[in-house]
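Data block below; observations after.
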Amino acid sequence: MSTFPKLGVCYYPEHWPEAKWADDARDMREMGLSWVRIGEFAWSRMEPEEGKFSWDWLDRAIDILGQAGLDVILCTPTATPLRRLVDKYPDMIAVTKDGAPRGFGSRRHYCFSHQGYRDECARIADIMGQRYGQNPYVKAWQIDNEYGCHETILSYGPSALAGFRIWLSQKYENIDGLNRAWGNVFWSMEYGSFDQINLPNQTVTEPNPAHVMDFRRFASDEVVAFNKIQVDALRAHTDAPLIHNYMGRITEFDHFAVGDDLEIASWDSYPLGFLEDRSDQGEDFKHQFMRQGDPDFQAFHHDIYRSVGHGRWWVMEQQPGPVNWAPYNPKPLPGMVRLWTWEAAAHGAEVISYFRWRQAPFGQEQMHSGLRLPNRDVSDCAAEIKTAGRELAVLEGAQTNPASAALVFDYPSAWAWETQPQGREFDYFRLVYEFYVGLRRLGLSVDILPGNCDNFGDRKLVIIPGLFSLSGNIQTALKSYGGQVLIGPRSGSKTDDFQIPADLPPGIPGLNAKVTSVETLRPTAPIALGRGGHFHIWREHVTGSADIIERCDDGAPALIANGKVNYVTGWPDSEAMARILKDQSEKAGLDVAPMPDGHRRRLIGSYTLHMNYGTNPVDLARFGIQGDQNLDGADIALIDNKTKKRVL
């Protein structure tokens, strides 16, 4: 970062009387905000009749915000297709796996493959670009909003079917090639032409996994193509950075591929909502952190989106209070909004933008809090935001440090293991996330790398769990890498065509080992490891001449190696995970410091940020900190790495 992180807010001028706009802009600046996002759901006000536009209100809103000293992020409104567009293109509506059409009355009700709607999106983006592309106050653009939210990537309608058949014909060129790749001789599923292929839904039992996997690849490519249509329309008129706001634990499309067409990645961070709505943790954990959020979930996504954005990333929506959509919606513990803000900054966020400026008194999100109540009264979080805004100036010129440990995350692997989990509890996101949590509990900063990465750089430790196919670039990276590497479980167990490799998995260069069988484990039947802990959920049986570093209690290999290349043959529970990762980290020469419960740290420039997600104080003396050594619950400590003293 060339400057310290800036704060922003999401604002909806169309929701409020114009007489309030100038007061709102002034209040935003007084709170220390620099950026404001507008427009993502305002299509009906931009174009009240087809081809007849109303821009005066938006012109004035941008002018008022800009003159107050706020930089504007202007959004294309394509996440909320107009009623008349649905009437014009009835088949643009997405269709569920069960064949039910999505209805009008909410948002994200379009099919990414529908050409008519794509044309409408290109049209509105082009017109907006022409009008505002050179506006001095519009400093960035957001395209659409939250791809994948509400399970809206996969559509099983006619547009998707037509597009899928074209996609397959381009990939395989002839139907015989597809039949071989899919193994369609099984169950007499061989096709005579691409026009015979349907979408992989409503089958009697599970469809062919290769068929499903190609459909998932196609669906992801459609998101990339849909996004790029708007990128191209806007790029013709503006040099301002283009952004999309991704979400938490959305794996239905390849974010790295979308990010390749954008300048900045962003995501919408809702720590309390995601704890209740998207966490695998048990009820005791959720109760313990119900007002703080999972200590690692936000950091995991910060690191993913820093990678997706090639180093440039923002938080576009940061939770400031209770939300409206989770099973339970508590208030954040005092101090947590400041902590979340600082945590994002420590992971390299250029902008942290809160959702939203004022709580809406109408519509679906009335119960979602903002920085203001429906009147001008401030919410509880306002003081924390002002404090964080002042404090962040200390990071002027600080650079986000490359981490010494890295973790590979691959969206196609998520599709593969959702297609063929082989056990009720096998979930790729959860597998990778548990390795990430294990590294963070050792006090390590972590970089996340895509599954097609061809170079691990100067990092000392790389972890690769569950990568379904060890082919292409990743093989190149492994062959040239000289650091410590831990692979498995289930890595390399399929070819790109979703077949078992002819020479058996995992096919790791230099590691003489073959997986001869696998089993998924009942929760009541974990496999004990000789040095403590267990394998649960997934276990493999291997043969070969690789060195056996650790065994299961039944004598089977649990961890094998050839030099610095290691393979773990099962899914470690928390005890085994901590021990295995500690051993691997120490062999890699990393500075390991096991963290107290709920305590995490992150290196940023010449500082280390300590964060206490817990409610009990932490004694920083254990980390060699001088001076004030008490870190209260829901608090942060910024440490100067040279003096070992607190800056904040």
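The values are calculated or read from the model by the stated rules, or taken from the named source; none is laboratory data. In this text, all values refer to a predicted model and were calculated from it rather than measured experimentally. Backbone-built Cβ (ideal geometry, glycine too); neighbour counts: all protein chains shown.
Among the conditions (1) buried (at least 24 other Cβ atoms within 10 Å of the Cβ); (2) modelled with pLDDT under 95, S471 misses just one, which is (1).
Being under 21 Å from H302 (Cα atoms) and either among the hydroxyl-bearing types (S, T, Y) or free of Cβ contacts under 8 Å to residues at least 12 places away in the same chain (or both) is the filter here; which residues of region 223-247 pass it? Y246 - this is the single residue of region 223-247 that is under 21 Å from H302 (Cα atoms) and either among the hydroxyl-bearing types (S, T, Y) or free of Cβ contacts under 8 Å to residues at least 12 places away in the same chain (or both). Of these, A393, A403, which one is of a type outside the set (K, R) and farther than 30 Å from N452 by Cβ? Of the residues listed, the single one that is of a type outside the set (K, R) and farther than 30 Å from N452 by Cβ is A393. Within region 331-347, residues that are over 14 Å from W267 (Cα atoms) and assigned to a helix (DSSP H, G or I) have Cβ atoms under 6 Å from residues that are of a type in the set (D, E) and at pLDDT 95 or above in these pairs: V337/E384; R338/E384, counting only partners at least 6 apart in sequence or on another chain.
Of all residues in region 477-506, those that are at negative phi have Cβ atoms under 8 Å from Cβ atoms of residues that are assigned to a loop (DSSP other than H, G, I, E, B) and among the β-branched types (V, I, T), 6 or more apart or on another chain, in L478/I508; I487/I508; P489/T569; S491/I508; S493/I500; K494/I500; P501/T495. Within region 1-59, if we keep just the residues that are surrounded by 14 or more Cβ atoms within 10 Å (Cβ to Cβ) and among the acidic types (D, E), the residue that is farthest from Q359 (Cα to Cα) turns out to be E47. Would you be able to say whether some residue in region 41-48 is part of a helix (DSSP H, G or I), closer than 20 Å to V138 by Cα, touching a Leu at 6+ places or on another chain (Cβ under 6 Å) and among the hydrophobic types (A, V, I, L, M, F, W, C)? Yes, because at least one residue in region 41-48 is part of a helix (DSSP H, G or I), closer than 20 Å to V138 by Cα, touching a Leu at 6+ places or on another chain (Cβ under 6 Å) and among the hydrophobic types (A, V, I, L, M, F, W, C). Being at pLDDT 95 or above, within 30 Å of V36 (Cβ to Cβ) and either outside the structural domain of A42 (by TED's automatic domain parsing) or among the polar types (S, T, N, Q) (or both): is that true of A125 here? When the stated conditions are applied, A125 passes them.
Might you check whether a residue that is modelled with pLDDT of 95 or more, of a type outside the set (G, A, S) and not in a helix (DSSP H, G or I) occurs anywhere in region 215-235? Spell out the reasoning first.
Filtering region 215-235 for residues modelled with pLDDT of 95 or more gives 215-235.
This time we only want the ones that are of a type outside the set (G, A, S), so: 215-218, 221-224, 226-232, 234-235.
After this cut, where a residue has to be not in a helix (DSSP H, G or I) as well, the list is none.
No, there is no match, as no residue in region 215-235 is modelled with pLDDT of 95 or more, of a type outside the set (G, A, S) and not in a helix (DSSP H, G or I).
As a summary of the residue check, F285 satisfies the conditions (1) in the same structural domain as M316 (by TED's automatic domain parsing); (2) under 23 Å from G348 (Cα atoms); (3) part of a helix (DSSP H, G or I); (4) of a type outside the set (D, E, K, R) except for the one numbered (2). Among the residues of region 172-192, those that are over 11 Å from D497 (Cβ atoms) and in a helix (DSSP H, G or I) comprise I175, D176, N179, F186, W187, S188.
On the stretch given as region 94-120, residues that are buried (at least 16 other Cβ atoms within 10 Å of the Cβ) and more than 19 Å from L154 (Cβ to Cβ) total 1.
Considering region 74-117 alone, what residues qualify as being part of a loop (DSSP other than H, G, I, E, B), of a type in the set (D, E, K, R) and over 23 Å from the mean Cα position of the chain (by Cα)?
To start, the set of residues in region 74-117 that are part of a loop (DSSP other than H, G, I, E, B) comprises 76-82, 89, 94, 96-100, 102-109, 111-114.
With the extra rule that they be of a type in the set (D, E, K, R), the set shrinks to 97-98, 102, 107-108.
Result: K97, D98, R102.
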